[in-house]
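To start, the structure under review is shown below, and the notes come after it.
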Amino acid sequence: MSGTKVAVVGAAGRMGRAVCAAVEAADDLELVGRFDAGDDLGDLSGADVAVEFSVPDASPANVAHCVAQGVHVVVGTTGWTDEGLDTLRGQLAQAPGVGVLVAPNFAVGAVLLMDFARRAAPFFESVEVVELHHPDKVDAPSGTAARTAELVGAARDAAGCDPVPDATTHDPDGARGARVHGVPVHSVRLRGLVAHQEVLLGGPGEMLTLRHDSFDRASFMTGVLAAVREVGSRPGLTVGLERYLGLG
Ligand SMILES: NC(=O)c1ccc[n+]([C@@H]2O[C@H](COP(=O)([O-])OP(=O)(O)OC[C@H]3O[C@@H](n4cnc5c(N)ncnc54)[C@H](O)[C@@H]3O)[C@@H](O)[C@H]2O)c1
């Protein structure tokens, strides 16, 4: 079998294993390497594209290594900071033709939810984000929730909206959640869950609830494989799968 050669970094993890299986099942893709913690990435086993699902502390160095090797990268690891993305842009400037996609969520439904939330946000006084995940997740809030809140906050700023109303003056334990771009974000960690998100939008006498559920890691694979097929034709840094779907 031949086709686009793919290496998976973080291959022993939950997402990495699912990506390896999805790549192996795709007729036009060939899995050439599996790498995990402690492995020397070397030349990525001659891969055209690397898929990176590891841990926030390791991801920037892994991606930098791939870029230096001239290998396109599809990055699913969450926790990337603005500074990390700026550094990556600098690395890509030294590697013309190399494409990197950093996407906090590869589930098409979750990407659509973010777009719907961004569009709806200026029409409501209040908006809050609730993300719910399995308890083995190490970062909070989720990358998807942080990005959703960023998009919602930016849309409200652009529309000249007031800050979300909140009379709370006493919250010693942080019960009102984190604030991302002025939007309260709440993280639930519960055994049995995979990845879920709600955006609650409230106005006088009404509420709109947008909800997405990933019941299985299969939900991410359509987006991951689409990104693997396209990343090579999009040089430089792209943040968010929505750009590949024509929504950005
Ligand atoms: N973008 C998305 O759609 C999406 C979906 C689910 C999870 N995620 C994110 O993907 C990441 C991985 O999630 P997971 O559930 O598979 O976690 P996991 O803990 O099951 O797997 C992480 C893997 O990375 C490995 N690792 C650690 N350090 C490494 C290094 N230096 N180099 C290579 N591999 C290393 C670990 O050994 C482990 O096998 C997390 O950041 C998670 O938030 C993103």
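All of the numbers you see were taken from the coordinates with simple rules; none came from a lab. Everything numeric in this text was worked out from a predicted model, so none of it was measured. All Cβ positions, even for glycine, are placed from backbone atoms using ideal geometry, and neighbour counts span all protein chains on display.
Once you place label points 7 Å from the Cα toward the Cβ at Glu30 and Ala12, how far apart are they in nm?
Label at Glu30, label at Ala12, 2.7 nm between them.
Among Gly223, Gly205, Gly70, determine the one that fluctuates most according to a GNM of the chain built with springs between C-alpha atoms less than 10 Å apart.
Gly205
Using a 10 Å cut-off around each Cβ, can you sort Thr77, Thr87 from fewest to most neighbouring Cβ atoms?
Ordered by Cβ neighbours within 10 Å, fewest first: Thr87, Thr77.
Tally Lys and Arg at +1 and Asp and Glu at -1 over the other residues with C-beta under 12 Å from the C-beta of Ala47: what net charge comes out?
Net of charged neighbours comes to -2.
Which whole-number percent gives the relative contact order of the chain, counting Cα pairs below 8 Å spaced six or more residues apart?
Relative CO of the chain lands at 22 percent.
Compute the Kirkwood hydrodynamic radius of segment 33-159, taking the inverse of the mean of 1/r over all pairs of distinct Cα atoms, and give it in Å to one decimal.
Result for segment 33-159 stands at 16.2 Å.
Near Leu29, within a Cβ-to-Cβ distance under 15 Å, what is the net charge of the other residues, with Lys and Arg +1 and Asp and Glu -1?
-3
As a test, work out the antiparallel percent of DSSP beta bridges whose residues both lie in the chain, rounded to the nearest 5.
Close to 45 percent.
Can you tell me the alpha carbon radius of gyration of the chain divided by the globular rule-of-thumb value 2.2 N^0.38 Å?
Rounded to two decimals, the normalised Rg is 1.05.
Restricting things to alpha carbons, tell me how big segment 108-214 is in terms of Rg and Dmax, in Å.
Both quantities, over Cα of segment 108-214: 13.5, 40 Å.
Which of the peptides 197-203, 162-168 is most tightly packed, and how do the rest follow, judged by the mean count of other Cβ atoms within 10 Å per residue?
Per-residue mean Cβ counts within 10 Å order the peptides as 197-203, 162-168.
I need the P(r) histogram for segment 1-70: all alpha carbon pairs, bin width 10 Å from 0 out to the longest distance, whole percents.
23, 56, 20, 1
Would you please give the residues with an amide H less than 5 Å from that of Gly182, counting only those at least 5 places away or on a separate chain, with H modeled from the backbone geometry?
Close amide H contacts, sequence-distant or interchain: none at all.
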